[in-house]
Amino acid sequence: MSIKKNSFKHSLSAEKPMFGLWMGIPDTTVAEIGAGAGFDWVLIDAEHGPFDLNSVLHHLQAIAPYPVATIVRPVEGQTALIKQYLDIGVQTLLIPMVDSAEQAEQLVRAAYYPPLGIRGLGTSMARAANWNRTPDYLQHANEEICLIVQIESVEGLKNIDEIVAVKGIDAVFIGPSDLSASMGYIGNPGHPEVISAIESAFSTIISAGKHAGVLAVTKELVETYVAANASFIGVGVDAALLANATKQLAADFISYVDSEKSAGY
């Protein structure tokens, strides 16, 4: 069995952007529903979602039968944690809160085998290598790793030129929520100055030969970032979709019953 190809990494250069779903609910049935919905990619959010290593593994197993790429965002970019994620089969990592080139360089070292990095060898226990039954895994694993760093602060934007120059970084994701807070517009990721900063960051990322991504949960923002040449855009969050749909459903029927009662029916 040959090494699994990273469909997300190999699709980054496509002419059209890839659209994805954020997953924060640690339930594999929800993961399957999202994976089978038709998105280009899904992201398991272990930064804000209540995931541990085992529940991330269970999500990977639930998503595996579906033709959708998977990204995982760990709680932070710890070298040991990155090693564990890669060993259980994660090929695309999105690392939050990257503010400097030094951080980006450390992440590259953690994510790749030598000579590019320092990732430890443990393929006999690694799902990624089919427990040592993928004969060419060590020779080709680096080719299938996709490393995305997330910039979400004014400090990160200040250092973006140095960050995008780091060899081994495939893409840069701009986090609009935390960026809006860092810029003084907390809770307003659609503020014109925040959008302008993201568009400027995209220009820098793309000029450096890297790929740009963002989370945008309104049609207007999605259209804005498509026009700015984003390669991948998160367009929804499972928990938010469920919360909003159930709230609306309850409101529709409760208001309907109340209106009927007030009309005397």
Just one of SER177, SER203, SER182, SER207 is farther than 23 Å from ALA14 by Cβ and over 18 Å from the mean Cα position of the chain (by Cα); which is it?
SER182
Considering every residue within the range 191-213, establish whether at least one is among the basic types (Lys, Arg) and without any contact (Cβ under 8 Å) to a residue 24 or more places away in the chain.
no
Of the conditions (1) within 17 Å of VAL172 (Cα to Cα); (2) small (Gly, Ala, Ser); (3) in contact with a Gly (Cβ under 6 Å, 6 or more places away or on another chain), GLY49 fails just one. Which one is it?
(1)
Out of contact with any Lys or Arg (no Cβ under 7 Å at 6 or more places or on another chain) and in contact (Cβ under 8 Å) with a residue 60 or more places away in the chain: is that true of ALA69 in this structure?
yes
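Given the criterion touching a strand residue (DSSP E or B) at 6+ places or on another chain (Cβ under 6 Å) and over 22 Å from ILE205 (Cα atoms), identify the matching residue among VAL68, VAL75.
Being touching a strand residue (DSSP E or B) at 6+ places or on another chain (Cβ under 6 Å) and over 22 Å from ILE205 (Cα atoms) holds for just one of VAL68, VAL75, which is VAL68.
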Restricting attention to the range 103-127, which residues are more than 19 Å from the chain's Cα centre (by Cα), farther than 16 Å from ALA80 by Cβ, of a type outside the set (D, E, K, R) and part of a helix (DSSP H, G or I)?
THR123, SER124
Considering only residues that are surrounded by 24 or more Cβ atoms within 10 Å (Cβ to Cβ) and either closer than 16 Å to GLU193 by Cα or free of Cβ contacts under 8 Å to residues at least 24 places away in the same chain (or both), which ones fall in the range 157-174?
ILE174
Residues that are out of contact with any Lys or Arg (no Cβ under 7 Å at 6 or more places or on another chain) and among the basic types (Lys, Arg), drawn from the range 72-119:
ARG73, ARG109
How many residues are in contact with a helix residue (DSSP H, G or I) (Cβ under 7 Å, 6 or more places away or on another chain) and either loosely packed, with under 13 Cβ neighbours inside 10 Å or among the β-branched types (Val, Ile, Thr) (or both) when one looks only at the range 203-216?
3
Test LYS16 against the stated conditions and say whether it is of a type in the set (Lys, Arg) and either crowded, with 19+ Cβ neighbours inside 10 Å or in contact with a helix residue (DSSP H, G or I) (Cβ under 8 Å, 6 or more places away or on another chain) (or both).
no
Leading residue by the ranking (surrounded by the most Cβ atoms within 10 Å (Cβ to Cβ)) among those in the range 73-88 that are in contact (Cβ under 8 Å) with a residue 40 or more places away in the chain and outside any helix (DSSP H, G or I)
ARG73
When the range 1-45 is examined, which residues are found to be part of a loop (DSSP other than H, G, I, E, B) and in contact with a strand residue (DSSP E or B) (Cβ under 6 Å, 6 or more places away or on another chain)?
ASN6, LEU12, PRO17, GLY24, PHE39, ASP40
Given (1) polar (S, T, N, Q); (2) outside any helix (DSSP H, G or I); (3) surrounded by fewer than 14 Cβ atoms within 10 Å (Cβ to Cβ), where does THR70 come up short, assuming only one miss?
(3)
Working only within the range 221-244, note down all residues that are in contact (Cβ under 8 Å) with a residue 12 or more places away in the chain, in a helix (DSSP H, G or I) and surrounded by fewer than 17 Cβ atoms within 10 Å (Cβ to Cβ).
VAL226, ALA239, ALA240, LEU242
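Taken together, the values in this text are just the output of simple stated rules run on the coordinates, not laboratory data. Since the structure is predicted, the reported quantities are computational estimates derived from the model, not experimental observations. Quick reminder, even Gly has a Cβ in these numbers, built from the backbone with ideal geometry, and neighbours come from all protein chains shown.
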